[in-house]
Protein chains: 2
Amino acid sequence: MQEVESLPRFATPSRPIRERTRYARPKVAVDTVVFAVQNCRLKTYLVQLKGGALRGRWAFPGGLVRVGETLDEAAGRELRAATGLGGAYMEQLFSFGDPARDPRAHVVSVAYVALLPDPAIVGAPAEKYSAGGWFEVGARLPPLAYDHEQMARYALRRLTAKLEYSNIAVALLPRVFTFKQLEDLYATLLGRRLDRRNFRRRILAMRILRELSAKQHGAHRPATLYSFVSRTPHVVQML
Amino acid sequence: MQEVESLPRFATPSRPIRERTRYARPKVAVDTVVFAVQNCRLKTYLVQLKGGALRGRWAFPGGLVRVGETLDEAAGRELRAATGLGGAYMEQLFSFGDPARDPRAHVVSVAYVALLPDPAIVGAPAEKYSAGGWFEVGARLPPLAYDHEQMARYALRRLTAKLEYSNIAVALLPRVFTFKQLEDLYATLLGRRLDRRNFRRRILAMRILRELSAKQHGAHRPATLYSFVSRTPHVVQML
DNA sequence: ACAAAAGTGTTGGCAATACACCCATGG
DNA sequence: CCATGGGTGTATTGCCAACACTTTTGT
């Protein structure tokens, strides 16, 4: 949401000459904000940068787009390279193009959000990073490189908004789960307690769940298990 | 909304060698879907391409992003170059990155939506286009270049969705207008008739309008004039 | 038997819908 | 005075939020 200024700034004087030449063009990258829930806490996966001026800072996994691949492919490839995982739910978020967002060059980044059912499925980080790890969203994150703070805020806003009118939660839960798990997930992401009866009614009205015959047995009364009717995230018709 | 494939396609064999070299990178462009309403019809501004394989096809105005400018600036610059207008409301829509979307090269396009209060304010199209003109959305558009059909669908969807929970209409109306104009605008964009009384109540409840003392005099009973409290589009709090 | 979590219904308020008549003006 | 569009109120409905007790199991 922005009003475009009437007079555009052009290349800032501080930018090196070689980048202002006629044929210099911004590069395109993809960066992916990865979310997963663990112990009723929303976590995000960050990698630590190895090289140059940004050495030691943390960032979302990403990299340059190659000629011949789609943005979705590039985001999937970089995520797999960084974490070893494939097949995650991914969705394009927003594109960030401030020429100063990367101090080394003008790189336009197309941000993605990825959702995982379990943080444990990520492997060791790629060679090009010195470390990787999960951080609790909401707690203080380590100092992030580029404009990744802003990206994180956008991603979180998108995720919570979509909870309300889609079955996006499918991507953050195991195939089979109890109503309590689902409720906890919503409560965590929305940051508030939910009324169990109203929540159950509302979700059932969406008709996105299938009740299974199996029960989860634990210390107390067994809970009915559910799975999603469709494992593909989509907008839910609410009538 | 998409599931990333587990195995990415890489550069397609049909792509020229020079684009597959290690250092070749996709370019970044911006394209802007411009909307305005005229006679209760939603119109979009298209330009006709001059050169090459796409000669004669129509497209949304756009062009390559330069090193040193933000995406917003690039979109504003290209729109001004194409139509002479500045200061329009613009908002980033989505990024399109299919390597085959432009037959000449791999160009990632960051799409924008621009809203104008009046189609008459656009000037003559830029040199690089052979023509420019307004086309009714919903009627058959001329054959569009690139993936601009898809862009148009995305843009329209975004626009109508935002009508429901924002004061986005501010950008499609003159500074001062009657309730009828506002209602017609909503009816046009939503594609259905609205109940005058309910519509009035709903909009007034949003508290985004200021009632003016002046009246519009016409052939019949004068209509009260309104203006928006804020001319900046933003999400409306509905309580 | 008891502790702990699962499961279930009813009510009141608010917001959206459907619907029809009077008003003010210009011609 | 009449044609035309501007302006208004009410009754009904459906949805959402608030709220507490019973059931089932393990120990």
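The values are calculated or read from the model by the stated rules, or taken from the named source; none is laboratory data. Here the structure is a predicted model, which means the values were calculated and not measured. Glycine also receives a Cβ, built like all others from the backbone with ideal geometry; neighbour counts cover every protein chain displayed.
So, in the range A:162-177, of the ones that are more than 14 Å from chain B (Cβ to nearest Cβ) and surrounded by fewer than 17 Cβ atoms within 10 Å (Cβ to Cβ), which residue ends up farthest from DNA strand D (Cβ to nearest atom)? Top of the filtered list is A:Arg175. With respect to the conditions (1) at pLDDT 95 or above; (2) surrounded by fewer than 17 Cβ atoms within 10 Å (Cβ to Cβ); (3) away from chain A (no Cβ under 12 Å), B:Lys43 lacks only one, and its number is (2). Of the residues that sit in the range B:111-144 and are aliphatic (A, V, I, L, M) and assigned to a loop (DSSP other than H, G, I, E, B), which one is nearest to the chain's Cα centre (by Cα)? Within the range B:111-144, the match that is nearest to the chain's Cα centre (by Cα) is B:Leu116.
Here A:Gln216 passes the criteria (1) surrounded by 11 or more Cβ atoms within 10 Å (Cβ to Cβ); (2) out of contact with any Pro (no Cβ under 8 Å at 6 or more places or on another chain) except the one numbered (2). Sub-6 Å Cβ pairs linking a first residue in the range A:174-202 that is on the phi < 0 side of the Ramachandran plot and at pLDDT 95 or above to a second residue that is in a helix (DSSP H, G or I) and within 9 Å of DNA strand D (Cβ to nearest atom), at least 6 apart or interchain, are A:Glu183/A:Phe199, ordered by first then second residue. Looking only at the range B:214-233, residues that are near DNA strand D (Cβ under 8 Å from one of its atoms) and among the charged types (D, E, K, R) come to 2 in all.
Here's a check for you: in the range B:38-63, which residue that is aliphatic (A, V, I, L, M) and touching a helix residue (DSSP H, G or I) at 6+ places or on another chain (Cβ under 9 Å) is farthest from B:Leu144 (Cα to Cα)?
Start the filter on the range B:38-63 by keeping residues that are aliphatic (A, V, I, L, M), which leaves B:42, B:46-47, B:49, B:53-54, B:59.
Among the residues that remain, those that are also touching a helix residue (DSSP H, G or I) at 6+ places or on another chain (Cβ under 9 Å) are: B:42, B:46-47, B:59.
Values: B:Leu42: 18, B:Leu46: 9, B:Val47: 10, B:Ala59: 5 Å.
Checked the range B:38-63; the qualifying residue farthest from B:Leu144 (Cα to Cα) is B:Leu42.
Considering only residues in the range B:74-96 that are within 8 Å of chain A (Cβ to nearest Cβ) and part of a loop (DSSP other than H, G, I, E, B), the one that is modelled with the highest pLDDT turns out to be B:Ala88. Somewhere in the range B:182-205, is a residue within 27 Å of B:Asp31 (Cα to Cα), away from DNA strand D (no atom under 16 Å from the Cβ) and surrounded by fewer than 18 Cβ atoms within 10 Å (Cβ to Cβ)? Yes; the residues of the range B:182-205 include at least one that is within 27 Å of B:Asp31 (Cα to Cα), away from DNA strand D (no atom under 16 Å from the Cβ) and surrounded by fewer than 18 Cβ atoms within 10 Å (Cβ to Cβ).
Taking the range A:145-239 and the helices (runs of 4 or more DSSP H) fully enclosed by it, the elements with 2 or more residues that are closer than 30 Å to A:Gly97 by Cα are at A:148-165, A:179-190. Within the set B:Ala111, B:Ala100, the sole residue that is touching a residue at least 60 places away in the same chain (Cβ under 8 Å), surrounded by fewer than 16 Cβ atoms within 10 Å (Cβ to Cβ), out of contact with any Pro (no Cβ under 8 Å at 6 or more places or on another chain) and not charged (D, E, K, R) turns out to be B:Ala100.
Can we say B:Ala205 is over 21 Å from B:Cys40 (Cβ atoms), out of contact with any helix residue (DSSP H, G or I) (no Cβ under 8 Å at 6 or more places or on another chain), more than 14 Å from chain A (Cβ to nearest Cβ) and within 8 Å of DNA strand C (Cβ to nearest atom)?
Judged against the criteria, B:Ala205 is a match.
Among the residues of the range A:212-239, write down those that are more than 9 Å from DNA strand C (Cβ to nearest atom), over 26 Å from the mean Cα position of the chain (by Cα) and on the phi < 0 side of the Ramachandran plot. Selection gives A:Leu212, A:Ser213, A:Ala214, A:His217. Name the residues in the range A:45-98 that are of a type in the set (D, E, K, R), more than 15 Å from the chain's Cα centre (by Cα) and within 21 Å of B:Leu71 (Cα to Cα), would you? Matches in the range A:45-98: A:Arg66, A:Asp98.
The residue that is farthest from the other protein chains (Cβ to nearest Cβ), among those in the range A:54-73 that are part of a strand (DSSP E or B) and not aliphatic (A, V, I, L, M), is A:Trp58. Checked against the criterion of being of a type in the set (Ser, Thr, Tyr) and within 16 Å of DNA strand D (Cβ to nearest atom), the range A:140-161 has at least one qualifying residue.
A Cβ distance below 6 Å, combined with a sequence gap of six or more or placement on separate chains, defines the contacts here; from the range A:48-63, residues that are at pLDDT below 95 reach residues that are assigned to a loop (DSSP other than H, G, I, E, B) in the pairs A:Ala53/A:Pro103; A:Leu54/A:Ala145.
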